[in-house]
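*Asks:* Dumping the structure here so I can ask a few things about it.
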Amino acid sequence: MERIYLDHAATSPVHPQVVEVMLPYLTEHFGNPSSIHQFGRRARQAVDEARRTIANSINASDSEIIFTSGGTEADNMAIIGYMHANQDRGKHLITSAVEHHAVLHTCKHLEETGFEVTYLPVDETGKISIEDLEQSVREDTILVSIMYGNNEVGTLQPIKEIGSYLKDKNIVFHTDAVQAYGTVEIDVQDLNVQFLSVSAHKINGPKGIGFLYASKNSKLAPTLFGGEQERKRRAGTENVAAIVGFQEAVKLVQEKMTEKRSEYEVFRKRILDIFGEENIDCIVNGNEIEHLPHVLNISFPGVQTESLLVNLDLAGIAVSSGSACTAGTVQLSHVLSAMFEDKNRISSSIRFSFGYGNTMEQIEKAANETVKVVKRIKEM
Ligand code: PMP
């Protein structure tokens, strides 16, 4: 049976070219970038070059890129690091109710240690409003953390508007761009963001590597203590092979971004057309216009998420309940719960997410299998 992977927002396959460029850094170029000798210098050169490629991809400087173990660490580093280093100016931060747990649980941790957090609500498409943000800003607000694009429903937040609103306010702006990076052009100068998190495994790079963009003037308290790597901002020997692989993944997404965007929009439309033709009762969760092209979240009222996932898996189709981090325990999604109250809609949703290797044939097969599964469950 052909297995069709439509869960690229959870993680994506490593691109063969990424594997190829990584291998020499696991074998002959294994040096520690901090070593003075030739082995070390070879590794250092590779890390420097990757840093340059990655910085250029978001219009930042090399010194503003901090390699981390992924998106979670980048989010933690920005939020905890900034709040701790600047708490003399205020202890309040603003985020949204639909952030990834890497942000939400970090905020909860800060609340337990004397900081205050406002969680902005979202409309039924998953979007925050600038008016709500304006009303939540206080004298002691020093940080706003709003994700670029949502991992469960794909909704894009008004990042540029938030950036311009905060510009002259002495409030720093962090955005979790883990899902957006690779499908959306990002220019940190134009957006006026001071911190931005990215993870390699969502863009066909290896797992366990990501970066935090931290603008030059931003003061961060370290969250890891040890060596002087990453300009003393993140201790620990660099994951050289993964960094080199990350660079290759970045080059690949940059070459193909426009093409991929339109391809995923076509996939999305095809799935919805098939459901329409088959008269399947379903409703899209997210924003019709402002969304990540690779994420499609749909509810099938009357059909439980768990049954959908299990039956689709038996048919060889890998989709998700939304957030991989809460999958398995099938809890009601905090993202959908923030968007609307209809429990039936929340507990019958699944997420299709597209990526490298998917073909139109696979998309049609997945949609047709979904139709069969939904009809079968409803008949039961
Ligand atoms: N933020 C978002 C929006 C994500 O989708 C994810 C991954 N599910 C993360 C953060 C965490 O990234 P990582 O898996 O690299 O720690």
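Derivation of every value follows stated rules applied to the coordinates shown; laboratory data play no part. All of these numbers come straight from a predicted model, not from anything done at the bench. Methodologically, a virtual Cβ is constructed for each residue, glycine included, from the backbone with ideal geometry; neighbour enumeration extends over all protein chains shown.
*Asks:* For segment 54-67, just list the computed ³J(HN,Hα) in residue order, Karplus coefficients 6.51, -1.76 and 1.60, θ = phi - 60°, integers in Hz, with x standing in for Gly and Pro.
*Replies:* Here the 3J(HN,Hα) series is 5, 4, 4, 5, 10, 6, 10, 9, 3, 5, 9, 9, 10, 6 Hz.
*Asks:* To the nearest 20 Debye, how big is the dipole of segment 216-370 about its Cα centre, given +1 on the beta carbon of each Lys and Arg and -1 on that of each Asp and Glu?
*Replies:* 980 debye
*Asks:* Could you check what % of the DSSP bridge pairs in the chain are antiparallel, to the nearest 5?
*Replies:* For the chain, the DSSP antiparallel bridge percentage is about 55.
*Asks:* Cross-link partners among lysines for residue 260, C-alpha distance below 19 Å, same-chain residues fewer than 8 apart left out?
*Replies:* Leaving aside lysines fewer than 8 places away in the same chain, those within reach of residue 260 are 202, 251, 269.
*Asks:* With point charges of +1 on the Cβ of Lys and Arg and -1 on the Cβ of Asp and Glu, referenced to the Cα centre of the chain, which listed residue (274, 154, 5) lies farthest in the positive direction of the dipole?
*Replies:* Toward the positive end, the furthest listed residue is 5.
*Asks:* Against the longest alpha carbon principal axis of the chain, how many degrees, from 0 to 90 and to the nearest 10, is the axis of helix 305-314 turned?
*Replies:* 90 degrees
*Asks:* So how tilted is helix 71-86 from the main axis of the chain? Cα-based, degrees 0 to 90, rounded to 10.
*Replies:* Once rounded, one gets 50 degrees.
*Asks:* Right, something else. Considering only C-alpha atoms, what is the centroid distance from segment 165-218 to segment 44-93, in Å?
*Replies:* Segment 165-218 and segment 44-93 have Cα centres separated by 8 Å.
*Asks:* I've got another one for you. Show the residues, 5+ positions off or on another chain, whose built amide H is closer than 5 Å to the amide H of residue 155.
*Replies:* HN-HN under 5 Å from residue 155: 150, 287, 292.
*Asks:* When only Cα pairs under 8 Å and 6 or more residues apart are kept, what is the percent relative contact order across the chain?
*Replies:* So the answer I get is 24 percent.
*Asks:* Mind listing the long-range amide H neighbours of residue 7? Cut-off is under 5 Å, sequence gap 5 or more, other chains count too, H placed in the peptide plane at 1.01 Å from N.
*Replies:* Long-range HN contacts for residue 7: 353.
*Asks:* Per-residue HN-Hα couplings for segment 147-160, Karplus 6.51 cos²θ - 1.76 cosθ + 1.60 at θ = phi - 60°, whole Hz, x for Gly and Pro?
*Replies:* Working through the residues one at a time gives 5, 6, x, 7, 6, 8, 10, x, 4, 8, 8, x, 4, 5 Hz.
*Asks:* Then there's this: Name the long-range amide H neighbours of residue 143: under 5 Å, sequence gap of 5 or more, or other chain; modelled H, no Pro or chain starts.
*Replies:* Amide H neighbours of residue 143, under 5 Å, 5+ apart: 94, 172.
*Asks:* Roughly how far apart, in whole Å, are the Cα centres of segment 231-277 and segment 15-40?
*Replies:* 23 Å
*Asks:* Sort segment 78-220 into rounded, prolate or oblate with this rule: let a ≥ b ≥ c be the square roots of the eigenvalues of the Cα gyration tensor; rounded if a/c is under 1.5, and if a/c is not under 1.5, prolate when a/b is larger than b/c, oblate otherwise.
*Replies:* rounded
*Asks:* Working only with C-alpha atoms, what are the Rg and Dmax values of segment 1-50, expressed in angstrom?
*Replies:* For segment 1-50, the Cα-based Rg and Dmax read 16.0, 52 Å.
*Asks:* Taking residue 167 as the anchor, which aspartates and glutamates have their alpha carbon closer than 20 Å to its alpha carbon, excluding any fewer than eight residues away along the same chain?
*Replies:* 64, 131, 132, 134, 139, 140, 176, 187, 190
*Asks:* DSSP loop (so not H, G, I, E, B), at most 16 other Cβ within 10 Å: list which GluC sites (Glu not before Pro) in segment 61-124 pass both filters.
*Replies:* Counting only loop positions with at most 16 other Cβ atoms within 10 Å, the GluC sites (Glu not before Pro) in segment 61-124 are 124.
*Asks:* Karplus couplings for segment 3-17 from phi (6.51 cos²θ - 1.76 cosθ + 1.60, θ = phi - 60°), rounded to Hz, Gly and Pro as x?
*Replies:* 9, 10, 9, 10, 9, 5, 6, 7, 6, 10, x, 6, 5, x, 5
*Asks:* Note down the nm distance, to one decimal, between modelled labels 7 Å out along Cα→Cβ at residue 52 and at residue 132.
*Replies:* Reported label-point gap for residue 52 and residue 132 is 4.4 nm.
*Asks:* Relative to 2.2 N^0.38 Å, what does the C-alpha radius of gyration of the chain come to as a ratio? Two decimals please.
*Replies:* 1.01
*Asks:* Give me the three principal axis extents of segment 1-92 from the C-alpha atoms, as integers in angstrom, largest value leading.
*Replies:* Taking max minus min along each principal axis of the Cα atoms, segment 1-92 gives 53, 49, 23 Å.
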